[in-house]
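The block underneath contains the structure these notes are about, expressed in structure tokens.
Bear in mind these aren't lab numbers, they're just calculated from the coordinates by the rules spelled out. Owing to the predicted nature of the structure, the values given are computational and were not obtained by experimental measurement. Cβ placement follows ideal geometry from the backbone for every residue including glycine, while neighbour counts extend to all protein chains displayed.
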Amino acid sequence: MVGASEAILGVEIAVLVGGFAYAAASDLRTREVSDRVWQLMGVLGAVLGALAVAPGGLLPVVAWIVVAAFTLQHVVAWDAELGARWEASADLLEAGIYAAVIVGLVVAAVHWGISATGIPWPVVAVLVSVLFARGLFEAGVLYGGADAKALMIAALVLPIFASVLLPLPGSFGLVLSFLPFAVNLLMNAALLSIAIPIAIAARNLARREFRFPSGFTGYLLPVAEIPRRFVWLKDPLAAGATPREDLETSEDDQRERERIAAELTSRGVQRVWVTPQIPFVVLMAAGAIVALLAGNLVLDLIALA
């Protein structure tokens, strides 16, 4: 008979896989993912997580609610409601929220300990994952806001997952029981992304258009196809047609690519060197599936070495 914890875990996995499948399809189609996807997944994750820690008593539930609310505020544009006049205040308020949550949970963990009846390990895993994702975003490693939000929400839906389907050495299974699921997801996605430059290089070699080193990151594309492809222009010959950096939506990007194509056509340019806009949420979805099946690919490779 399936117990309550196993049932909750099953629903969490279903929410994670279903949500990331939808987000990946959206990212692949438009290079944009609506915040509503992350909001729905986050709310479901918050409810399921509260049910999972509830047997430990009131303190674990309160701690979970705090970290869940802290995570969800990243996918709600509450700062936009304050307006440009209060933009500085929004930044200070968010810094205060970060400080209050971190200090509060650390003090609580020191006082009551990290345990099922104190501060549950899933709460710690979510907090670490959110700080990890925010740090990578601020450092420019996670370029798109959707990527950072995806990582945070993945942590909220499934903080820890060590029951992988494929067999692993006992020591690595122990590591997975402490390592946040979001970290495994991101490391898998990063490893899987190695296939992209290899595929681009193979394409260029097959067409005898390989350049080193740019042949691993870009390729020649007819100007007429620019509006139909999600690409960035990298060709020095296209100087002056470089897209703006202040584009906020996929529609803005589409109009900008149409403008660039028209300008290059008027100048008689037929082909330019471009770099594809990588739908990283697709890689993250693949990384999540791999994490469910085999845990952390990096650890797996170390185990096989």
Estimated [θ] at 222 nm from DSSP helical runs (n ≥ 4, -39500 (n - 2.57)) normalised by residues in the chain, nearest 500: -20500 deg cm²/dmol
Tilt relative to the chain, helix 35-53 - C-alpha long axis, 0 to 90 degrees, to 10: 20 degrees
Note, ³J(HN,Hα) from phi for the range 116-123, Karplus 6.51, -1.76, 1.60, rounded to Hz, x at Gly and Pro: 5, 9, x, 9, x, 4, x, 5
Cα gyration tensor category, rounded, prolate or oblate, for the range 1-83 with a/c compared to 1.5: oblate
Shape of the range 12-60, Cα gyration tensor, a/c cut at 1.5: prolate
Within a Gaussian network of the chain (alpha carbon springs, distance under 10 Å), most fluctuating of Leu156, Leu186, Leu264: Leu264
Gap separating the Cα centres of the range 120-189 and the range 6-51, nearest whole Å: 15 Å
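Where a ≥ b ≥ c are the square roots of the eigenvalues of the C-alpha gyration tensor, would you call the range 4-165 rounded, which needs a/c under 1.5, or, failing that, prolate if a/b is larger than b/c, or oblate?
Details: a/c = 1.97, a/b = 1.14, b/c = 1.73.
In terms of gyration-tensor shape, oblate.
How much length is gained on full extension from Leu301 to Val17, taking 0.36 nm per residue of separation minus their Cα-Cα distance?
Values: separation 284, 0.36 × 284 = 102.24 nm, distance 2.41 nm.
Between Leu301 and Val17, full extension yields an extra 99.8 nm.
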Simple label model, 7 Å out from Cα along Cβ direction - Leu28 to Ala199, nm: 1.0 nm
Ranked packing of 113-121, 204-212, most packed first, by mean Cβ within 10 Å: 113-121, 204-212
Within a Gaussian network of the chain (alpha carbon springs, distance under 10 Å), most fluctuating of Ser266, Ser177, Ser214: Ser266
Helix 145-157 axis, angle to the chain major axis (alpha carbon atoms, nearest 10°): 30 degrees
Spin-label model distance (nm) - Val76 vs Arg267, 7 Å beyond Cα toward Cβ: 4.7 nm
Gaussian network model of the chain, Cα within-10 Å springs - most flexible of Leu185, Leu158, Leu51: Leu51
Modelled FRET efficiency - R0 35 Å, Arg211 with Leu40, Cβ distances, 0.05 increments: 0.20
